Amino acid sequence: MIKSGFFNSVEGDRLYNAEDMSSYYKGLIKDGVLNGYGKGLVVTANSDMTVTIGKGRAYIDGKYLELTADESLTLKQSSTIQNRYTAIVLRKDDDTRDVKLITKDGIEAAETPPYPEMENNSRVTELCLAMVYVRRLTEKIEQADITDMRPSNLCGWVTGLIQFLSTDDLFLQWKNAYDTYYKNSTEEFTTWSAEKKQAFLDWYSTLTEHLMTGATLTRYKSVHAVAAGEAEQREFTFPEQYQAGDLIELYKNGLKLLEGEYSITETAAVLNNGLKPGNTLEMVVTKAEIGAQQLNII
């Protein structure tokens, strides 16, 4: 069947009802609370067994509800032995032909009770504004007992004719920014590493030329690990072979630390950010000694 509208009636040939008017908004406006209108139907506690719903407007299955002033609802008395959740609900009912505010009690439980379920079928649609935790023997509801459900999939905010930013687009912006930062940082580190390597090779070449002989490069490695349950560690003692002037390199979980990430004392390296349990630190000391040109790793 094809439906269209709206056109002026000529001798009663174009007749429309409320259902036709409501269907006009389907696909254009998503069900939910109109954000920024009035108080947005926010639910607040009154330090007794009532809650207040702030004035606002909501759309639900092509119909609407508007509170032009704050409304209060009274919750059922608490149980003496069990806890429960009471939902503050917008209910659209085609049989009663209205949209109204109701309370809806969930199943009581001694420990953690479940949320009440929302009813949604061809005749009834329910949106949950808030879940109120009613403790056993309580005589008043505090604001901490109220969970705002308007941003959740049990209610939601009106979208469609109102411009909004897609979270998918926002995530792509964040990912692009991260990828750019990672690429630039990687390139900078690669350049820095190449410069340091070349500086070392130049120093080594100059040393052997001045001494008119080869030199032996020996590397000493030590690994430090902080086990689970141990305290965070910042200071790590050098291998006993270390002497002032030796080249020292630090690797945290296999990644080389930059010079600005630690400091050097006479006997130890001190990390700016301590090593947490479950992480490892590898210290590499490179010593240059007179002898045949070779590289020893110990």
**OP:** Could you please let me know if VAL124 is buried (at least 19 other Cβ atoms within 10 Å of the Cβ), free of Cβ contacts under 8 Å to residues at least 60 places away in the same chain and of a type in the set (A, V, I, L, M)?
**Re:** no
**OP:** Search the range 223-247 for residues that are free of Cβ contacts under 8 Å to residues at least 40 places away in the same chain and pair each with any residue that is assigned to a loop (DSSP other than H, G, I, E, B) when their beta-carbon atoms are under 7 Å apart and the residues are at least 6 apart or on different chains.
**Re:** THR237/THR267
Original post:
Being part of a strand (DSSP E or B), among the hydroxyl-bearing types (Ser, Thr, Tyr) and either open to solvent by 60 Å² or more (accessible area, probe 1.4 Å) or on the phi < 0 side of the Ramachandran plot (or both), is that true of even one residue in the range 257-270?
Top reply: yes
Original post:
For residues in the range 211-246 being over 13 Å from ASN279 (Cβ atoms), open to solvent by less than 40 Å² (accessible area, probe 1.4 Å) and hydrophobic (A, V, I, L, M, F, W, C), which is modelled with the lowest pLDDT?
Top reply: ALA215
Original post:
Residue check, LEU154 against (1) closer than 21 Å to GLY32 by Cβ; (2) under 33 Å from the mean Cα position of the chain (by Cα); (3) not in a loop (DSSP other than H, G, I, E, B), all met but one. Which one?
Top reply: (3)
**OP:** List the number of the failed condition for GLU249; all other conditions in (1) among the charged types (D, E, K, R); (2) open to solvent by less than 60 Å² (accessible area, probe 1.4 Å); (3) modelled with pLDDT of 85 or more; (4) more than 38 Å from the chain's Cα centre (by Cα) hold.
**Re:** (4)
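The rows are residues; the columns are (1) touching a Phe, Trp or Tyr at 6+ places or on another chain (Cβ under 6 Å); (2) assigned to a strand (DSSP E or B).
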| site | (1), (2) |
| --- | --- |
| SER78 | no, no |
| THR86 | no, yes |
| LYS92 | no, yes |
| PRO113 | yes, no |
| GLU117 | no, no |
| SER122 | no, no |
| THR125 | no, yes |
| CYS128 | no, yes |
Subject >> Failed item, numbered, when ALA58 is tested on (1) more than 29 Å from the chain's Cα centre (by Cα); (2) part of a strand (DSSP E or B); (3) not acidic (Asp, Glu) >> reply: (1)
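The values are calculated or read from the model by the stated rules, or taken from the named source; none is laboratory data. These numbers come from a predicted model, not from an experiment. Methodologically, a virtual Cβ is constructed for each residue, glycine included, from the backbone with ideal geometry; neighbour enumeration extends over all protein chains shown. Keep in mind that these areas ignore ligands, DNA and RNA; they rest on the heavy atoms of the full protein, side chains included. Shrake-Rupley method; radii C 1.70, N 1.55, O 1.52, S 1.80 Å.
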